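Reviewing the structure listed below.
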Number of protein chains: 4
Amino acid sequence: MPAPIHVFDPPFNILRASHVVLDVTDLAASRKFYEDIVGLHVEDADSDTVYLRAVEEHQHHSLVLRKAAIAGCHRLGFRVASEDDLDKAGAFFAANGITYSFVARPFQGRTLQATDPFGFQLELCASMEKRPHLLRRFDLYKGCHPQRLDHFNVFAAELQDTIDFYARLGFRLTEYAEEDGDAGRIAAAWMHRKGNVHDLAFTNGKGPRLHHFAYWVPTAMNIVHLCDVMASSGYLANLERGPGRHGISNAFFLYVRDPDGHRLELYTCDYQTMDSDHEPLRWSLKDPRRQTLWGAPAPRSWFEQGSAFNEQAVREPLFVADVTIAD
Amino acid sequence: MPAPIHVFDPPFNILRASHVVLDVTDLAASRKFYEDIVGLHVEDADSDTVYLRAVEEHQHHSLVLRKAAIAGCHRLGFRVASEDDLDKAGAFFAANGITYSFVARPFQGRTLQATDPFGFQLELCASMEKRPHLLRRFDLYKGCHPQRLDHFNVFAAELQDTIDFYARLGFRLTEYAEEDGDAGRIAAAWMHRKGNVHDLAFTNGKGPRLHHFAYWVPTAMNIVHLCDVMASSGYLANLERGPGRHGISNAFFLYVRDPDGHRLELYTCDYQTMDSDHEPLRWSLKDPRRQTLWGAPAPRSWFEQGSAFNEQAVREPLFVADVTIAD
Amino acid sequence: MPAPIHVFDPPFNILRASHVVLDVTDLAASRKFYEDIVGLHVEDADSDTVYLRAVEEHQHHSLVLRKAAIAGCHRLGFRVASEDDLDKAGAFFAANGITYSFVARPFQGRTLQATDPFGFQLELCASMEKRPHLLRRFDLYKGCHPQRLDHFNVFAAELQDTIDFYARLGFRLTEYAEEDGDAGRIAAAWMHRKGNVHDLAFTNGKGPRLHHFAYWVPTAMNIVHLCDVMASSGYLANLERGPGRHGISNAFFLYVRDPDGHRLELYTCDYQTMDSDHEPLRWSLKDPRRQTLWGAPAPRSWFEQGSAFNEQAVREPLFVADVTIAD
Amino acid sequence: MPAPIHVFDPPFNILRASHVVLDVTDLAASRKFYEDIVGLHVEDADSDTVYLRAVEEHQHHSLVLRKAAIAGCHRLGFRVASEDDLDKAGAFFAANGITYSFVARPFQGRTLQATDPFGFQLELCASMEKRPHLLRRFDLYKGCHPQRLDHFNVFAAELQDTIDFYARLGFRLTEYAEEDGDAGRIAAAWMHRKGNVHDLAFTNGKGPRLHHFAYWVPTAMNIVHLCDVMASSGYLANLERGPGRHGISNAFFLYVRDPDGHRLELYTCDYQTMDSDHEPLRWSLKDPRRQTLWGAPAPRSWFEQGSAFNEQAVREPLFVADVTIAD
């Protein structure tokens, strides 16, 4: 099936992946994981919510943990270019039969919440309260020195339709994995707004679910150190996959699971994609270097487990792709 | 004097710094330096010209070396978003009394050449011949593994007017160094188009001249290795400054001089700047951590030497800033 | 069974693991692997033999490749402190019923060859021709920058007897893996002469065979780069295990297979062990962090495959240890 | 003047540099520096003394801070192989007119204290209380991840006599810097016991004084991070020299000053030296790559300042070497 064509002039201007809101069942355990082990900075916290950010981020938060009875993903947050873009987004959603509402969210400017036609719960804002950034406060660096939220990756049950929808919103395809043959179906796609490999990626599977969210770290050494720290502080079982080099995106990666099983990627080393003539890179679904340049397959959990959105039913995917699993 | 306000809707859309064209007096010596020591890849070469690129770059070249009797900088190249932007650029230049011409340049699409009001010789194109990128051809990596051209830094004799001009073109201020006090003058400015710290930076001084061009490398380790290689292969005197951490931009840096004295920066570790509400960071000109976070001043040559543009006279700066020099 | 007690005053003084002699079936293919990919330096070569060394080594060679019809390990070479120690070694071997001979080996001083009671083919010398070392010739660094040969690891069919024998020779136990329970048997042992974790390690299994030999590299980044290079230059299948962190020895490691299947470890980050009161560290055979601190089990090939010695029959081990294998 | 010949069979067996005892004027400030910034671990502390060690060290302490009215170096500690070696040391000192005494030191076994003929205050012990090492407790790693004490470097007023004395004790010369010409004098010497470049180095200058003590860190990245941390936490002025690569020893280094001005080196990347036929490397005093492979001279403070021993007068050196200083 066809890779989507880039829309240079979308109906509203999304700048980038901005923040994620997760429901967690043990707020203290989750805070400990993200603050002490991963090394995010707690900017605000109360008995129900913890707000965290990474050292490069001026904005108040890029990760929000909400105490909840059931773990899940509540919202994927995106930054738009202006207040005007929020209104344009509302108009677009209305014209396309998508319910939305403007809500007040702590520390954020006017916020539009909507659920896309496939069940992904989004929120958009043009501004957030600012905090002095911590980039040069190296004395406060902790954990693996996470620098900024980079992207989300979701399981989509209707993969082609989903990427076509986001292409209409101006998300641009950079890489994709496809079955071989003339009728080969796209099984995964990486799409960006901000000029690197992705802000939002899609994996064929039971959906809608969040596969992972990712923070960018400075070097592979930070990732190696996180492995060492997790292995020596009771988080051995939370190391799910890696470290390794993705063929796709060229990123050096590590996947870890938080206390509720939400998946976090630490990653570094991708590339720029803002040229108008940038062409998407196709990978055969059967090329082992796609998953890991070094050839090691991912564990079954990585293909199958994800975080459901807290107000959505999960559907079986339209097809099952034949991927290589380490069993 | 005031920091310029960002123009979100410029007269034409420059995407990023794209390539630099240098005049060199010994083509073989320069090629050896950039290919064997720095580690760029020669894409094409003839008796008069060598075209090089870095591993991430799809485009045919980001550095062009031209054999010449006198060393100098010939052109700073920028990528625009579309062919239409080239025409818009022409219209803007015409309306502002700036001579321009469309020329044919090997391996480039339609190319507009112009000299700005301050003597900086530019060329713009919307496309360039593509080559398979080498990002995943790690077996071909050489030298310090340069990944992409990142930015230019120029000496401007009329600093405030120059940054105001480029602000009109949509370059956005991210950091600047200013004299203290109410009448403090801006002495250096970093401006971007592509969403990181800069595509083009300006330093007060005899101008117009190129201070340096910079390639992004993956980690500080690559820069340390380049120091070691240069010290052990006859390029000890070409190591001018660093390695170190800039306060400005947070970059880990090294400055080296090529056989003609053209200055190249290898750098890594900056940050994203694409949010609409991103605010420029002011540094006092007297803060030693501005130049180097670790406090070591730069050598005199770094403040005084640069590459003249090959068709321009060099003018004294309007004022002399009081900077800290290691003598 | 008991861990051996350190003998501070052995019958002769072995300084360290010095060199390994391998039989290879395609000399050109093996040379290409070790020289171009791994990055060892060829010091001498003829139609039958290639001599290589790492950048730190003054001695002529630490790896000798011999053209042969059948791949195998020919000799494990150790350096002794003096010519006198060679004679003491001869006397010790004679007194213990071990046949030995003094032979002339190219580029080596007087060389004693012997096969120990378990079939490990050794050679000892007190001197080797010297070459200017390349440690500061960073311009000649290649591959993963191997710095020095560090150790050998062998499969021993009679593990306890073998480590008891080498303990008599002054090899000192630093770490060992043991079955749990009062009758728990030692299944692997790491022993040193030179003051770090090991010069010679022993793994229970079909023996005598060489499990691997190891070169020390400066940092984990060199190992990551080797993975990238092998994956992009046709050696994907030669990446056997890692990179990862051993619990044992604390080393960051990678195991690769050469064109004949000989196993090479690239490793870094161990520790010093020369204090007289240094105590061996015991690991339970069932602790997953022993193999890999991060918990990932090794592949079956890593437990089962090794290089036979070219003049020895291979025996089944006295017992089969219950280890965790990734299948 | 002649480089000393190695004594393979010294009168007693020193294993390695073990610990240093410093007098500091503000115990809390010094503890904060070494614990929070550098990242050593406090093993014990009372109102007058703080004991610290690095992650690899089993022994109770490698740095002792003592509250004192005047800052100074109290003792350089060395580990000997056995209790018997302590008695042999006493006998040697007695035979050579050197006063010594056996003293009780907290957490140490029987300890011999002596002052050598040149005023260097030493203490020797064969054992120290053990603590579980922290090498695999990556969750406790702090600062620049110091791993073990490596060496001392002292200013000697009578350089040739001092190195000749330590050569008699079995310290082996690995590198030295010498004036050019037939009558060239040795101006600096690096000598080891443990099999790497040095346990004790000597620099011509006002002595006896401690120039620095050094901890080994895993990689250059740890050193870069320490620079960043010190620059952003009020220790900018304590960054004295580096980071850089020494020509001598090949080490990647950083020199920092503690709150009393005691100099600490963080260093990595040296090499092995235990072969019997290892030959010392001579450097011309005028080779700029000796100090720093990359050519940058050291600041004046680095050549002139050091820590006096607390019971010794400081003497002018016998000669003044002509070294290159950055002024």
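Translational D (Stokes-Einstein, µm²/s) of the protein assembly as shown at 10 °C and 1.306 mPa s when Rh comes from the Kirkwood sum over C-alpha pairs? Show your work: numbers first, answer last.
Numbers: Rh = 33.0 Å.
It diffuses with D of about 48 µm²/s by this estimate.
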Long-range amide H partners of D:His60 with built H, under 5 Å: D:Glu129, D:Arg131
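Provide, as a two-decimal number, the C-alpha radius of gyration of region C:84-211 over 2.2 N^0.38 Å, N being how many residues it has.
Working: Rg = 17.3 Å, N = 128, 2.2 N^0.38 = 13.9 Å.
Expressed relative to 2.2 N^0.38 Å, the Cα Rg reads 1.24.
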Amide H within-cut-off set for C:Leu285, under 5 Å, with H built and near neighbours excluded: C:Glu178, C:Glu179, C:Asp180
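For region B:280-327, rounded, prolate or oblate, judged on the Cα gyration tensor with a ≥ b ≥ c (square roots of eigenvalues), a/c < 1.5 rounded, else prolate if a/b > b/c? Could you put the intermediate results ahead of the total?
Working: a/c = 2.31, a/b = 1.75, b/c = 1.32.
Verdict is prolate for region B:280-327.
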Other copies of A:Asp164: label-to-label distances in nm, shortest first, labels 7 Å along the beta-carbon direction: 5.3, 7.6, 9.2
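Place a +1 charge on the Cβ of each Lys and Arg in region A:43-151 and a -1 charge on the Cβ of each Asp and Glu, then give the dipole magnitude about the Cα centre in debye, rounded to the nearest 20.
Values: 14 positive and 15 negative charges, 53 e Å.
The dipole magnitude comes to about 260 debye.
On average, how many beta carbons from a partner chain sit within 10 Å of the beta carbon of a residue in D:236-246? List each step's numbers first, then the result.
Working: counts 5, 2, 1, 5, 0, 1, 2, 5, 3, 7, 1.
Rounded to a whole number, the mean comes out at 3.
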For region A:51-186, with +1 on Lys and Arg beta carbons and -1 on Asp and Glu, the positive-most of A:Leu52, A:Val154, A:Thr99 along the dipole: A:Leu52
Lys/Arg +1, Asp/Glu -1 at C-beta; region C:212-266 dipole; positive extreme among C:Leu226, C:Val256, C:His246: C:His246
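Taking region B:246-305 on its own, what percent of its Cα-Cα pair distances exceed 17 Å? Walk me through the intermediate numbers first.
Values: 914 of 1770 pairs.
Taking all Cα-Cα pairs of region B:246-305, the fraction more than 17 Å apart is 52 percent.
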If the convex hull is drawn through the Cα atoms of region A:1-106, its volume per residue in Å³: 174
For a label point 7 Å along the Cα-to-beta-carbon line of D:Ser284, residues of region D:291-327 with backbone N under 18 Å: D:291-297, D:321-325
Chain C, closest residue to the rotation axis toward B, by beta-carbon, whole angstrom: C:Met221, 3
Cα-only radius of gyration and Dmax that characterise region A:62-158, units Å: 15.9, 50
Interchain or long-range residues, amide H under 5 Å from A:Trp294's placed H: A:Arg245
Order of C:Met221, B:Met274 under a 10 Å beta carbon neighbour criterion, fewest first: B:Met274, C:Met221
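Give the average, rounded to an integer, of partner chain Cβ atoms located within 10 angstrom of each Cβ in A:184-195.
On the way: counts 0, 0, 0, 0, 0, 0, 0, 0, 0, 1, 4, 7.
Neighbouring Cβ atoms belonging to other protein chains average 1 per residue here.
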Cβ-vector label at 7 Å, A:Lys206, separations to other copies in nm: 4.3, 7.2, 7.6
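With +1 assigned to the C-beta of every Lys and Arg and -1 to the C-beta of every Asp and Glu, and no other charges, what is the dipole magnitude of chain B about the Cα centre in debye, to the nearest 20? Mind dumping the intermediate values first?
Numbers: 34 positive and 44 negative charges, 114 e Å.
About 540 debye.
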D:Ala69-C:Asp277 pseudo-label distance in nm [points 7 Å out on the Cα-to-Cβ vector]: 3.5
Sum of side-chain charges, C:Pro259 neighbourhood, beta-carbon under 9 Å (Lys, Arg +1; Asp, Glu -1): -1
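What do you get for Rg/Rh of chain D when both radii come from the Cα atoms and Rh is the Kirkwood radius?
Details: Rg = 18.6 Å, Rh = 19.9 Å.
Dividing the radius of gyration by the Kirkwood radius yields 0.94.
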Computed FRET value (nearest 0.05) for D:Phe8 with D:Ser101, which takes r as the C-beta separation and R₀ as 35 Å: 0.75
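To the nearest 20 debye, what is the magnitude of the charge dipole of the protein assembly as shown about its Cα centre, counting +1 on the Cβ of each Lys and Arg and -1 on the Cβ of each Asp and Glu? Intermediate results must be reported in sequence, preceding the final value.
On the way: 136 positive and 176 negative charges, 1 e Å.
Dipole size: approximately 0 debye.
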Nearest-first distances (nm) between copies at D:Glu304, label 7 Å from Cα via Cβ: 2.5, 7.1, 7.2
Antiparallel content of DSSP bridges confined to region B:75-139, in %, to 5: 70
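Which value, to two decimals, describes the C-alpha radius of gyration of region A:147-303 once divided by 2.2 N^0.38 Å?
On the way: Rg = 15.4 Å, N = 157, 2.2 N^0.38 = 15.0 Å.
This ratio for region A:147-303 stands at 1.03.
Values in this text are rule-based calculations from the coordinates and carry no lab data. In this text the structure is predicted, and so the values were computed from the model without any measurement. Ideal geometry is used to build each Cβ from the backbone, glycine not excepted, and the neighbour counts take in all protein chains shown.
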